[in-house]
Amino acid sequence: MQSDKQDSPELSASLPPFRLDGRLALVTGASGGLGAAIAIGFAQAGAEVALMARRRDSLEAVAERIASLGGRCRVVPCDVTDDAALRGAIGGLDRLDVLVNNAGTNFPEPITEVTDEHLDTMLALNVRSVYVASQAAVRKMLEDPGRATRGGVILNMSSQMGHVGSPNRTVYCMTKHALEGFTKALAVELAPRGIRVNSIAPTFVDTPLVRRVVNTPERRDFVMSRIPMGHLASVEDIMAAAVYLASPAAAMVTGTSLVVDGGWTAQ
């Protein structure tokens, strides 16, 4: 007589793959920083990566790095704040399995000093471009008749500032909180279509951009005082989070935010 334990799902389980073989992933803001790191991570996990940013020469440098690691990629120069160009670039892809909305910016300053130009720039890049890219990506994904069984993924690069407030970041916090709400709403809408939507919310990551922001002892002390783990995140931390959320290992994860913040928002 066979034991009932042999039929239990937990005993017959096998680890899902943390791989992206056969998938085409588009990463915006891929010319440097977190976008470049995520693109490289996706390529190492087996995906073909479409690199999107304004400058072709910067994208080519990332493409060379991916090629040197044995990965596959293509360069898609585009200004994501140009709605028509963005829709055309995504619509022109032969297929699309993963979209990473990484392009974004910040101008830390007191609310009394925020200019209309800075306000409009952050709203256009951090919010509107994400919406337009996602809309175009969903249309492209749904062109594939096998999408419901193979699935699709949209990852929005948010921030710990999408979960808390911080001085001199009223506009940035507003845009990232909007991104978190958008992620939840889109995830609920697309779940029946087999497309998962999540966000990644990093703390300050050790990149050239962050080093320019945390450029005084006072600013560095403030940041370090808020991270219980006592150090900045690395680009590898964010790369790993993105690969996980895009992979079959996260097949039941949608509508949530993976906070990679060393404990900042736990306080």
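The values are calculated or read from the model by the stated rules, or taken from the named source; none is laboratory data. Note that the structure is predicted; figures quoted are calculated from it, not measured. A quick note on method: Cβ atoms are made from the backbone with ideal geometry, for glycine too, and the neighbour counts reach across all protein chains shown.
What to note about this one:
- Set side by side, the residues Glu109, Glu64, Glu48, Glu60 differ, and just one is touching a Cys at 6+ places or on another chain (Cβ under 8 Å) and acidic (Asp, Glu), which is Glu48.
- Screening Val164 with (1) surrounded by fewer than 20 Cβ atoms within 10 Å (Cβ to Cβ); (2) β-branched (Val, Ile, Thr); (3) assigned to a helix (DSSP H, G or I) gives one miss only, at (3).
- Count of region 79-101 residues which are assigned to a loop (DSSP other than H, G, I, E, B) and either in contact with a Ser or Thr (Cβ under 8 Å, 6 or more places away or on another chain) or of a type in the set (Lys, Arg) (or both): 3
- Qualifying residue in region 52-75 (condition: out of contact with any strand residue (DSSP E or B) (no Cβ under 9 Å at 6 or more places or on another chain), under 22 Å from Val130 (Cα atoms) and not polar (S, T, N, Q)): no
- Residue in region 212-220 that is under 30 Å from Asp97 (Cα atoms), hydrophobic (A, V, I, L, M, F, W, C) and surrounded by 13 or more Cβ atoms within 10 Å (Cβ to Cβ) present: no
- Qualifying residue in region 130-148 (condition: part of a loop (DSSP other than H, G, I, E, B) and closer than 21 Å to Asn198 by Cβ): yes
- Region 5-47, subset charged (D, E, K, R), surrounded by fewer than 21 Cβ atoms within 10 Å (Cβ to Cβ) and in a loop (DSSP other than H, G, I, E, B), residue farthest from the chain's Cα centre (by Cα): Glu10
- Residue in region 114-124 that is closer than 30 Å to Pro248 by Cα, among the polar types (S, T, N, Q) and in a helix (DSSP H, G or I) present: no
- Some residue of region 105-128 being surrounded by 15 or more Cβ atoms within 10 Å (Cβ to Cβ), touching a strand residue (DSSP E or B) at 6+ places or on another chain (Cβ under 8 Å), touching a residue at least 40 places away in the same chain (Cβ under 8 Å) and not acidic (Asp, Glu): no
- Count - residues of region 193-216 that are under 21 Å from Arg169 (Cα atoms), part of a helix (DSSP H, G or I) and at pLDDT 90 or above: 0
- Considering residues of region 232-255 that are without any contact (Cβ under 8 Å) to a residue 60 or more places away in the chain and surrounded by fewer than 17 Cβ atoms within 10 Å (Cβ to Cβ) only, the residue farthest from Ala178 (Cα to Cα): Ser234
- The lone exception for Met229 - which of (1) of a type outside the set (Lys, Arg); (2) surrounded by 13 or more Cβ atoms within 10 Å (Cβ to Cβ); (3) not in a helix (DSSP H, G or I) it fails: (2)
- Of the candidates Ser199, Ser247, the single residue that is under 21 Å from the mean Cα position of the chain (by Cα), polar (S, T, N, Q) and within 20 Å of Asn126 (Cα to Cα) is Ser199.
- Verdict on Arg54 being of a type outside the set (A, V, I, L, M, F, W, C), surrounded by fewer than 17 Cβ atoms within 10 Å (Cβ to Cβ), at pLDDT 95 or above and under 20 Å from Ile90 (Cα atoms): yes
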